[in-house]
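The values are calculated or read from the model by the stated rules, or taken from the named source; none is laboratory data. Note that the coordinates shown come from a computational prediction; the quantities given were computed from them, not determined experimentally. Quick reminder, even Gly has a Cβ in these numbers, built from the backbone with ideal geometry, and neighbours come from all protein chains shown.
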Amino acid sequence: MSLKIIVDSSIGLSQKEAVSKGYFFIPLSITLGDKTYQEGIDITADEFYALLSKGLMPHTAQPSPELYRIAFDEATEKGDEALLLSLSSKISGAWQAANIALKECARPEKVHLFDTFSFFSGSQILLHEVEEKQDLPLADLLEYLEDLKMRIHVFAGMDTLTYVYKGGRLSKFHYAFGVFLHAKAIGTLDEGLVTIAGKAMGTKNAMAFVVDKIKEYPIDFSYPAYAFYSSDKAILNRFLTEDFYPAYPEAKSWPIAQINPLIGSHIGPLVYGVFYVAKAKEETPKRTLLEKIHQDIHHVFHKNEK
């Protein structure tokens, strides 16, 4: 018996790439104008951004439960366990569709749904860890992934606020104010939800802001990480050479990925940033009763001296 992995297209792989690696693939759909595309099947990232440049506003849709049910049944038909790495439940109904399918599939006890709280390269980090640790007992693997997903961070500079606003992540007032000031938004993930980490005046300040935010959550270089861009790799290269590599020269070996159409639909063109795993927070050691009494006496003694 083995572990069969199921991914949806938000992970940034094409169907061909996913199948070649032995994964089952679930596409999300994107409508531009009067045509609907299956992400990872009949539209590439470059084709998507070319259509955006013509002024078309994209609309995305989750997969049907039936697509998940078929994948679940095929993955488990020989008695194997199946693991779905799902697009964050906080930003899509894909998770709900998968749960509906779980109740309808032939072997629900063999299917395990994992909410990544992420997408794109964040999900790819989790996928890498599944591949590396799939020999673990499944319960231990899932526990490990639950801990790891909370340490995955993304900070992305966005050239325009339009797509963030259209996606309901920015109020009309802040959108109009940001446009007036030519502000650049910095996007992030907060427990699976896309949020705005801040705004900066101009691209140069936005790039510096991204690096400052990364410093708040130090990088754990023992895990995979990615630099990424959407429509224009030149803006990423500027960010890397002027701001990121000077601060983190060890990141020069990171792979570079292009944002897939689904995520690009919500953040737009001219986006750049990094996905990485932050160092685990060190727990403050608990004081023993004797240490607490000693420190309390010490505090009272010095307080009375003043």
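Taken across the stretch 205-227, residues that are among the hydroxyl-bearing types (Ser, Thr, Tyr), closer than 21 Å to Ala257 by Cα and surrounded by 19 or more Cβ atoms within 10 Å (Cβ to Cβ) do occur, with at least one present. Closer than 18 Å to Ile259 by Cα, in contact with a strand residue (DSSP E or B) (Cβ under 7 Å, 6 or more places away or on another chain) and in contact (Cβ under 8 Å) with a residue 24 or more places away in the chain: does that describe Ser10? No; evaluated as a whole, the condition is false for this residue. Do you know which residues across the stretch 62-95 are of a type in the set (A, V, I, L, M, F, W, C) and either closer than 16 Å to Ile5 by Cα or modelled with pLDDT of 95 or more (or both)? Within the stretch 62-95, Leu67, Ile70, Ala71, Phe72, Ala75, Ala82, Leu83, Leu84, Leu85, Leu87, Ala94, Trp95 meet the criteria.
For the condition touching an Asp or Glu at 6+ places or on another chain (Cβ under 8 Å) and polar (S, T, N, Q), what is the one hit in Thr195, Thr203?
Criteria check complete, one pass: Thr203.
Grab the helices (runs of 4 or more DSSP H) fully contained in the stretch 1-82, keeping just those with 2 or more residues being of a type in the set (S, T, N, Q) and either in the same structural domain as Asn99 (by TED's automatic domain parsing) or touching a Gly at 6+ places or on another chain (Cβ under 8 Å) (or both).
15-20
Applying the criterion of at least 2 residues that are farther than 30 Å from Trp95 by Cα and at pLDDT below 95 to the strands (runs of 3 or more DSSP E) found wholly in the stretch 172-272 leaves 183-190, 193-201.
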